[in-house]
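Everything on this sheet refers to the single structure shown next.
The values are calculated or read from the model by the stated rules, or taken from the named source; none is laboratory data. This structure is a prediction, so every number in the text was calculated from the model and none was measured. Methodologically, a virtual Cβ is constructed for each residue, glycine included, from the backbone with ideal geometry; neighbour enumeration extends over all protein chains shown. What goes into the accessible areas is simple: the full protein's heavy atoms, side chains included, and nothing from ligands, DNA or RNA. Shrake-Rupley method; radii C 1.70, N 1.55, O 1.52, S 1.80 Å.
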Amino acid sequence: MSDVLTISQVNELNYEDFIGRFGNVIEHCSICAAAVWRFRPFHDIRHLHQAICSFVDLLPNTGKEGVLRLHPDLAGRLAELGSLTQESSAEQKAAGLDTMTPEEKQLLKDTNSKYRDKFGFPFVICARQNKKEAILKGIVERLEHSAAEELNIGIEEVKKICMLRLLSIVPDEK
Ligand SMILES: NC(=O)N[C@H]1NC(=O)NC1=O
(Lines give C-alpha, C1' and ligand atoms only; values in the text may rest on other atoms or scores of the structure.)
Protein backbone atom coordinates (compact mmCIF):
# COMPACT_ATOMS: atom_id res chain seq x y z
CA MET A 1 0.00 0.00 0.00
CA SER A 2 1.34 3.47 -0.83
CA ASP A 3 2.13 5.94 1.93
CA VAL A 4 -0.80 8.20 1.17
CA LEU A 5 -4.36 7.28 0.33
CA THR A 6 -7.19 8.81 -1.64
CA ILE A 7 -10.59 9.04 0.01
CA SER A 8 -11.85 6.24 -2.28
CA GLN A 9 -9.06 4.00 -1.04
CA VAL A 10 -9.97 4.91 2.54
CA ASN A 11 -13.56 3.92 1.91
CA GLU A 12 -12.43 0.52 0.66
CA LEU A 13 -10.34 -0.31 3.74
CA ASN A 14 -11.55 -3.17 5.89
CA TYR A 15 -11.84 -2.51 9.59
CA GLU A 16 -8.39 -3.87 10.51
CA ASP A 17 -6.62 -1.86 7.81
CA PHE A 18 -8.64 1.25 8.71
CA ILE A 19 -7.46 0.97 12.32
CA GLY A 20 -3.94 0.26 11.10
CA ARG A 21 -3.91 3.55 9.20
CA PHE A 22 -6.08 5.80 11.41
CA GLY A 23 -5.74 4.23 14.86
CA ASN A 24 -3.40 6.96 16.09
CA VAL A 25 -4.93 10.10 14.54
CA ILE A 26 -5.94 10.78 18.13
CA GLU A 27 -2.92 9.83 20.20
CA HIS A 28 -3.16 6.29 21.65
CA CYS A 29 -6.93 6.42 21.19
CA SER A 30 -7.82 3.95 18.46
CA ILE A 31 -11.40 3.76 19.77
CA CYS A 32 -11.98 7.07 17.94
CA ALA A 33 -11.20 5.46 14.58
CA ALA A 34 -13.00 2.26 15.58
CA ALA A 35 -16.14 4.24 16.38
CA VAL A 36 -16.37 6.00 13.02
CA TRP A 37 -15.53 3.15 10.62
CA ARG A 38 -19.26 2.40 10.31
CA PHE A 39 -19.87 5.86 8.83
CA ARG A 40 -18.08 5.05 5.53
CA PRO A 41 -18.24 6.16 2.81
CA PHE A 42 -16.62 9.48 3.71
CA HIS A 43 -16.99 12.26 1.11
CA ASP A 44 -13.56 13.63 1.90
CA ILE A 45 -11.03 13.84 4.71
CA ARG A 46 -12.97 16.65 6.41
CA HIS A 47 -15.98 14.35 6.65
CA LEU A 48 -13.84 11.71 8.41
CA HIS A 49 -12.43 14.41 10.69
CA GLN A 50 -15.93 15.62 11.52
CA ALA A 51 -17.04 12.09 12.42
CA ILE A 52 -14.09 11.67 14.80
CA CYS A 53 -14.67 15.12 16.34
CA SER A 54 -18.37 14.35 16.90
CA PHE A 55 -17.42 11.14 18.70
CA VAL A 56 -14.97 13.05 20.93
CA ASP A 57 -17.54 15.81 21.58
CA LEU A 58 -20.06 13.23 22.78
CA LEU A 59 -17.70 11.83 25.41
CA PRO A 60 -18.46 12.78 29.00
CA ASN A 61 -15.92 15.12 30.56
CA THR A 62 -14.16 12.16 32.20
CA GLY A 63 -13.68 10.64 28.72
CA LYS A 64 -12.36 13.93 27.33
CA GLU A 65 -9.92 14.16 30.23
CA GLY A 66 -8.88 10.59 29.39
CA VAL A 67 -8.20 11.60 25.78
CA LEU A 68 -5.96 14.42 27.01
CA ARG A 69 -4.16 12.07 29.44
CA LEU A 70 -3.20 9.81 26.54
CA HIS A 71 -0.98 12.61 25.19
CA PRO A 72 2.70 12.70 26.13
CA ASP A 73 4.14 15.82 27.72
CA LEU A 74 5.89 18.08 25.23
CA ALA A 75 9.63 17.56 25.67
CA GLY A 76 8.85 15.28 28.60
CA ARG A 77 10.20 11.94 29.80
CA LEU A 78 8.98 9.92 26.82
CA ALA A 79 10.67 12.37 24.45
CA GLU A 80 13.91 12.02 26.43
CA LEU A 81 13.65 8.23 26.30
CA GLY A 82 12.92 8.27 22.55
CA SER A 83 9.63 6.50 23.31
CA LEU A 84 7.19 8.87 21.62
CA THR A 85 4.89 7.67 18.85
CA GLN A 86 6.25 8.47 15.38
CA GLU A 87 3.57 11.12 14.94
CA SER A 88 4.22 12.88 18.23
CA SER A 89 7.98 12.78 17.72
CA ALA A 90 7.67 14.47 14.29
CA GLU A 91 5.27 17.09 15.71
CA GLN A 92 7.55 17.95 18.63
CA LYS A 93 10.49 18.27 16.22
CA ALA A 94 8.44 20.52 13.91
CA ALA A 95 7.88 22.90 16.84
CA GLY A 96 11.62 22.96 17.52
CA LEU A 97 11.23 21.28 20.90
CA ASP A 98 14.27 19.12 20.20
CA THR A 99 16.45 22.22 19.96
CA MET A 100 15.50 23.89 23.26
CA THR A 101 18.19 25.29 25.50
CA PRO A 102 18.55 23.55 28.91
CA GLU A 103 16.83 26.60 30.46
CA GLU A 104 13.86 26.40 28.08
CA LYS A 105 13.61 22.67 28.68
CA GLN A 106 13.56 23.15 32.45
CA LEU A 107 10.96 25.92 32.18
CA LEU A 108 8.69 23.71 30.06
CA LYS A 109 9.17 20.77 32.44
CA ASP A 110 8.34 22.87 35.51
CA THR A 111 5.32 24.48 33.84
CA ASN A 112 4.05 21.13 32.56
CA SER A 113 4.16 19.81 36.15
CA LYS A 114 2.31 22.86 37.48
CA TYR A 115 -0.30 22.48 34.76
CA ARG A 116 -0.79 18.77 35.48
CA ASP A 117 -1.00 19.41 39.25
CA LYS A 118 -3.64 22.10 38.75
CA PHE A 119 -5.86 20.39 36.15
CA GLY A 120 -5.18 16.66 36.53
CA PHE A 121 -4.39 16.23 32.83
CA PRO A 122 -1.44 17.27 30.65
CA PHE A 123 -1.05 20.48 28.70
CA VAL A 124 -1.95 19.71 25.08
CA ILE A 125 -1.29 22.02 22.14
CA CYS A 126 -0.98 21.38 18.40
CA ALA A 127 2.82 21.46 18.14
CA ARG A 128 2.81 21.67 14.34
CA GLN A 129 1.00 25.00 14.53
CA ASN A 130 3.20 26.50 17.24
CA LYS A 131 6.91 27.12 17.58
CA LYS A 132 8.63 26.49 20.90
CA GLU A 133 8.38 30.17 21.92
CA ALA A 134 4.59 30.16 21.38
CA ILE A 135 4.29 26.90 23.32
CA LEU A 136 6.22 28.29 26.30
CA LYS A 137 4.12 31.47 26.24
CA GLY A 138 0.90 29.49 25.75
CA ILE A 139 1.38 27.16 28.68
CA VAL A 140 2.10 30.03 31.08
CA GLU A 141 -1.06 31.86 29.94
CA ARG A 142 -3.25 28.76 29.98
CA LEU A 143 -2.20 27.97 33.57
CA GLU A 144 -4.42 30.90 34.60
CA HIS A 145 -7.58 29.32 33.13
CA SER A 146 -10.24 27.23 34.88
CA ALA A 147 -10.28 23.43 34.47
CA ALA A 148 -13.45 23.65 32.35
CA GLU A 149 -11.81 26.15 29.98
CA GLU A 150 -8.69 24.02 29.70
CA LEU A 151 -10.67 20.87 29.03
CA ASN A 152 -12.30 22.63 26.07
CA ILE A 153 -9.10 24.22 24.78
CA GLY A 154 -7.16 20.96 25.13
CA ILE A 155 -9.80 19.02 23.21
CA GLU A 156 -9.87 21.65 20.43
CA GLU A 157 -6.08 21.27 20.15
CA VAL A 158 -6.49 17.46 19.93
CA LYS A 159 -8.86 18.02 16.99
CA LYS A 160 -6.27 20.21 15.22
CA ILE A 161 -3.58 17.57 15.77
CA CYS A 162 -6.03 14.98 14.41
CA MET A 163 -6.72 17.01 11.23
CA LEU A 164 -3.01 17.34 10.46
CA ARG A 165 -2.43 13.64 11.10
CA LEU A 166 -5.36 12.82 8.79
CA LEU A 167 -3.98 15.10 6.07
CA SER A 168 -0.62 13.36 6.26
CA ILE A 169 -2.39 10.08 5.39
CA VAL A 170 -4.99 11.49 2.95
CA PRO A 171 -3.69 14.74 1.40
CA ASP A 172 -6.45 17.19 0.51
CA GLU A 173 -7.65 16.54 -3.03
CA LYS A 174 -8.79 20.15 -3.56
N1 LIG B 1 1.21 17.42 25.09
C2 LIG B 1 0.96 17.63 23.78
O3 LIG B 1 0.47 18.66 23.36
N4 LIG B 1 1.29 16.62 22.95
C5 LIG B 1 1.01 16.64 21.59
N6 LIG B 1 0.91 17.81 20.81
C7 LIG B 1 1.23 17.49 19.53
O8 LIG B 1 1.19 18.26 18.57
N9 LIG B 1 1.62 16.19 19.48
C10 LIG B 1 1.58 15.64 20.71
O11 LIG B 1 1.90 14.51 21.06
Could you tell me what percent of the accessible area of the chain is made up of carbon and sulfur, with a 1.4 Å probe and every protein chain present? 53
Partner lysines whose C-alpha sits under 18 Å from that of LYS64, ignoring same-chain residues fewer than 8 away, are LYS118, LYS159, LYS160
Can you tell me the convex hull volume per residue for the range 94-174, based on C-alpha atoms, in Å³ to the nearest whole number? 98
Taking K and R as +1 and D and E as -1, what net charge do the other residues with C-beta under 15 Å from the C-beta of ALA33 add up to? +1
Which aspartates and glutamates have a Cα less than 19 Å from the Cα of LYS109, not counting those fewer than 8 places away in the same chain? ASP73, GLU80, GLU91, ASP98, ASP117, GLU133, GLU141, GLU144, GLU150
Looking only at the range 1-27, which residues have a backbone nitrogen under 18 Å from a spot 7 Å from the Cα of GLN86 in the C-beta direction? 1-6, 10, 16-27
From phi via Karplus (6.51, -1.76, 1.60), per-residue ³J(HN,Hα) for the range 117-122 in Hz, x at Gly/Pro: 5, 6, 9, x, 8, x
Computed Kirkwood radius, in angstrom, where 1/r is averaged over Cα pairs of the range 43-145: 14.8
Using just the C-alpha positions of the chain as equal point scatterers, what log10 of I(q)/I(0) does the Debye formula give at each q in 0.09, 0.13, 0.15, 0.16 1/Å? -0.32, -0.65, -0.85, -0.95
Starting from 0.36 nm per residue, how many nanometres of slack lie between ASP98 and SER30 once their C-alpha separation is accounted for? 21.8 nm
Specify, per residue and in Å³, the volume enclosed by the convex hull of the alpha carbon atoms belonging to the range 70-119. 75
Relative contact order of the range 29-174 (C-alpha contacts under 8 Å, at least 6 apart) in percent is 27
Mind checking the per residue accessible area of the chain for me, 1.4 Å probe, whole number of Å²? 53
Can you check what the net charge comes to around PHE22, using other residues whose Cβ is under 12 Å from the Cβ of PHE22 (Lys, Arg +1; Asp, Glu -1)? 0
